[in-house]
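Notes to accompany the following structure.
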Amino acid sequence: MNVESVLVFVLAAVGVIAVVRWVAGRTGLPAAALLPIVGIGYTLLPGPNIILEPDIILTLVLPPLLYSAALDSSMLAIRRNVRTVVSLSVVLVLLTALLIGLGFAWWVPGATLAAGVAVGAAVAPPDPVAALAVARRVGLPPRIITVIQGEGLLNDATALTILSVAVAAATGDTFSATSALGQFVIDATGGAAVGALVALVVRLLSRPLSADPMLANAVSLATPFGAYLLGERAHVSGVLAVVVAGLIVGHHTPRSTSGAGRLQTSAVWRLVDFLLEGLVFLLIGQQLPEVIGGLGGYDTGTVVVAVGVTVGTVLLLRPLWLLMTLVLPGALQTRRHGGGMDGERPARWTAREVVVLSWAGTRGVISLAAIFTLPLVTETGARFPARDLLLFCTFVVVLVTLVGQGLTFAPLVRMLGLRADDNDQARLRNEARSASVEAALVALDDLEEQEHDDIGAPVIETMRQQLRARLNRYQDRLVLLRENDDSSDPPTSPLYEAALHVRRVALDAQRDELLRWRDAGRLPDEGLRVLERELDHEERLLPGRPARR
């Protein structure tokens, strides 16, 4: 494809992504499940297809997506649920790869144990993008979201390490379980160390760069690629390096960056996520001709058995594993903190939570990128065992889980009636707001007692009155939330809603007047943008509710 053709394709892809996102917002269906269907439809039309290049996906697409997800995750919440996260992202991935490998070795003619483990490693890690999009929209409890996030962050590193070991065994002459386990430990430990080192460098750069949001944003965009490349050059897990760097940087961002830098970086990463996620899900559907083209050498029975082993293991092992970790006693029993705060009595996962976690195992582009890295031949020059069949099995797993589970995840959650306690979360946020305002009032009192020549008492008193008005508003809201303790939905206050409406009307009037000044030539566009940005920041403080008409 020439440059113009690539540009046309990219523009068309962005247009399709935007349309599908709009349809998803109107219908409630996840865009991650709709885009592969659109991609498959595109393959039926005349014109070129984009063949997935695994090196591009693993080097240019995976690091920013993982880093952005890590920035939005909670290191403390993952640590509180570390037993469940490790169980799903390490142990379950290992079991999935091993069981699929054994199934291929026993029942698929021409396949070896190593080849089966390779496809098992490729399909083992769930891609949580579709599940998380639905989880946030339907309001799943925070700890389910935390587990899905934590699993999605760590399982790719486990799977890619297993895949590299399996490929080495399939293409070489010898295989040692001990050396494979040792390599896995080295890759994981080294990747975590590299990620911590990159995070330390970023933290050291953050404070001197905090005054310039553009520089801070540039460092943020470069960080995942730097962590990945450094990990790969050190021959450890670059994926885990990205994840660890993102978790540590995200945990320390509130202390090390300015408010302007955080706002700009957050906006940029949302755009990056939107475009990259849409592109990779669109590419999934376009791989259909590639994966079907190599099936001519296999009889129907072999294909059916191979697909049955792969899809059956993926769909059945996850709920069975979650049930086992739910009912087994002692250290294997999956537990979580009942209220989510340290020191509270731990509680077991409920049956409804286990069902939701079981159905959150959608696979995505990482599985396809991983399986496309399989070499064509072994070291002896022979064809890699059943390579085309492994590609097809992976594609079917991705399609079944991404479309099937992705489209049914939201209805399942609604049917189970599992959702976060919005009233409890709103009460916690208002208590934190009140505490922060009270801390500010104490700081003003301390400032007033100090000797200062440049700060007059009226200035402090004006700020104190503003903070007290805000504190009264938060405390009134807390009274309503506490009176509504029996309901999971936050109460609405006519006075509060009226105040929000008045503030929005005032903001709209200010914007209209600024535009009239600009149109009349009294205010340059540069000045308009500065003043509009001030109003935009003020509007962002308001809850996301539509203005009354």
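The values are calculated or read from the model by the stated rules, or taken from the named source; none is laboratory data. All values derive from a computational prediction rather than experimental measurement. Neighbour counts run over all protein chains shown; Cβ positions are idealised from the backbone, glycine included. Accessible surface is based on the protein model in full, side chains and every heavy atom, while ligands, DNA and RNA are left aside. Shrake-Rupley method; radii C 1.70, N 1.55, O 1.52, S 1.80 Å.
The table for this structure:
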read-out: Positive-pole candidate from Thr350, Ser256, Ala105, dipole of the chain, charges at beta carbon; value: Thr350
read-out: Answer label for Cα extents along the principal axes in Å (calculated), chosen among (i) 73, 55, 45; (ii) 85, 62, 46; (iii) 131, 79, 44; value: (ii)
read-out: Calculated [θ] (222 nm, deg cm²/dmol) that DSSP helices of n ≥ 4 give over the chain, each run adding -39,500 (n - 2.57); value: -24500 deg cm²/dmol
read-out: Inter-part distance where segment 215-236 and segment 151-165 are each reduced to a Cα centre, Å; value: 19 Å
read-out: Folded to 0 to 90 degrees: helix 525-540 orientation relative to the chain principal axis, Cα; value: 80 degrees
read-out: Whole-number accessible area per residue in Å² for segment 347-399, which is evaluated in the context of all protein chains at 1.4 Å; value: 33 Å²
read-out: Gain in span if fully extended, Val479 to Thr59, counting 0.36 nm per residue against the direct Cα distance; value: 146.1 nm
read-out: Solvent exposure of segment 110-178 as accessible area per residue, Å², 1.4 Å probe; value: 29 Å²
read-out: Given 16 as the ceiling on other Cβ atoms within 10 Å, longest exposed-site-free region of the chain for GluC sites (Glu not before Pro) in DSSP loops; value: 1-343
read-out: Efficiency of FRET between Met324 and Ala439 - r from beta-carbon atoms, R0 41 angstrom, step 0.05; value: 0.30
read-out: Unit charges on C-beta of K, R, D, E only; dipole of the chain, Debye; value: 1180 debye
read-out: Signed unit charges on C-beta, dipole axis of the chain, positive-most listed residue Leu295, Val502, Ala457; value: Leu295
read-out: Scattering curve values for segment 184-291, log₁₀ I(q)/I(0), Debye with Cα scatterers, q = 0.15, 0.18, 0.23 Å⁻¹; value: -0.71, -0.90, -1.12
read-out: Pairs of alpha carbons in segment 1-60 whose separation is greater than 20 Å (percent); value: 36 percent
read-out: Mean separation of Cα contacts under 8 Å, 6 or more apart, over the residue count of segment 43-184: relative contact order %; value: 27 percent
read-out: Furthest towards positive pole of dipole, Thr27, Ser237, Gln425, structure part the chain, Cβ charges; value: Thr27
read-out: Carbon plus sulfur fraction of accessible area for the chain, probe 1.4 Å, in percent; value: 63 percent
read-out: Inter-label distance for Leu200 and Glu497, nm, one decimal - labels placed 7 Å from Cα along Cα-to-Cβ; value: 5.4 nm
read-out: Zone of Ala193's modelled label, taken as backbone nitrogen in segment 213-240 under 19 Å from a point 7 Å along Cα→Cβ; value: 227-240
read-out: Over segment 359-425 - Rg/Rh using Cα atoms and the Kirkwood inverse-distance radius; value: 1.28
read-out: Shape call, segment 85-144: gyration tensor on alpha carbons, a/c limit 1.5; value: prolate
read-out: Principal axis box of segment 377-474, alpha-carbon based, largest edge first, Å; value: 84, 44, 14
read-out: Where the Cα pairs of segment 58-102 fall when distances are cut into 10 Å bins, in %; value: 23, 33, 37, 7
read-out: Distance from segment 1-32 to segment 501-536 (C-alpha centre basis), Å; value: 33 Å
read-out: Percentage relative contact order, the chain, counting C-alpha pairs under 8 Å, at least six apart; value: 21 percent
read-out: Within segment 359-450, trypsin sites (Lys or Arg not before Pro) in DSSP loop having at most 16 other beta-carbon neighbours inside 10 Å; value: Arg419
read-out: Cα-Cα pairs of segment 23-125 separated by more than 16 Å (percent); value: 77 percent
read-out: Amide N proximity, segment 82-118 versus Leu316 label position 7 Å along Cα-to-Cβ, cut-off under 19 Å; value: 92-109, 116-117
read-out: log₁₀ of I(q)/I(0) at q = 0.22 Å⁻¹ - segment 233-328, Debye sum with one point per alpha carbon; value: -1.11
read-out: Per residue, in Å², the accessible surface of segment 20-108 once ligands and nucleic acids are set aside, probe 1.4 Å; value: 47 Å²
read-out: Rg ratio (alpha-carbon, reference 2.2 N^0.38 Å) - segment 87-212; value: 1.34
